[in-house]
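Attaching a single structure in structure tokens format; questions to follow.
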Amino acid sequence: MARSFGRLLEFEKGGGYIYVPSYLLSHPDFPFKHGAIVALEVKGNDIVMSAPPWYVTMNWPEMQDAYNALPKVVQEEISRYQNAIRDTTIAGEAAKQKTPQAHRSP
């Protein structure tokens, strides 16, 4: 197991990055490559980063026939991920409107 410290960098207009030190990025057990799509989940005081199932990363509205051919259980899983992303986005937008955004320097 490899451990290190990172840094959260927020942007004035919303969003941000979690800086991961090169030591962890180059560790042989680090599971992600540059540009990978990752699922983020907040659990208490922790944030869990994992690889989402491939089928939730697809642009299904552009492939409606393929989507319709998927098993119902897979369609439901896609819907759960899409709803979670939508709900998180809506909550984030609402929070930005209620709280003035100040630039936070690292």
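Here, each number is a calculation from the coordinates, and none is a lab measurement. Quantities reported herein were computed from a predicted structural model and do not represent experimental measurements. No Cβ is skipped: glycine too gets one built from the backbone with ideal geometry, and neighbour counts run over all protein chains shown.
Would you calculate the separation in nanometres between label points at Ser50 and Lys13, each defined as 7 Å from the Cα along the Cα-to-beta-carbon direction?
For the pair Ser50/Lys13, the computed spacing is 3.3 nm.
In terms of modelled amide H atoms, which long-range or inter-chain residues lie less than 5 Å from the amide H of Leu70?
Correct list: empty.
Which ³J(HN,Hα) values, rounded to whole Hz and listed in residue order, are derived for region 6-22 from phi using the Karplus coefficients 6.51, -1.76 and 1.60 in 6.51 cos²θ - 1.76 cosθ + 1.60 with θ = phi - 60°, glycine and proline given as x?
Result, rounded to whole Hz: x, 8, 8, 10, 9, 10, 4, 8, x, x, x, 10, 10, 6, 10, x, 4.
A further question on this structure: Restricting to DSSP loop positions (anything but H, G, I, E, B) with no more than 14 other Cβ atoms inside 10 Å of their own Cβ, which GluC sites (Glu not before Pro) remain in region 9-81? Don't skip to the end; give the middle numbers.
Numbers: sites: Glu10, Glu12, Glu41, Glu62, Glu76, Glu77; in loops: Glu12.
Qualifying residues, ordered by number: Glu12.
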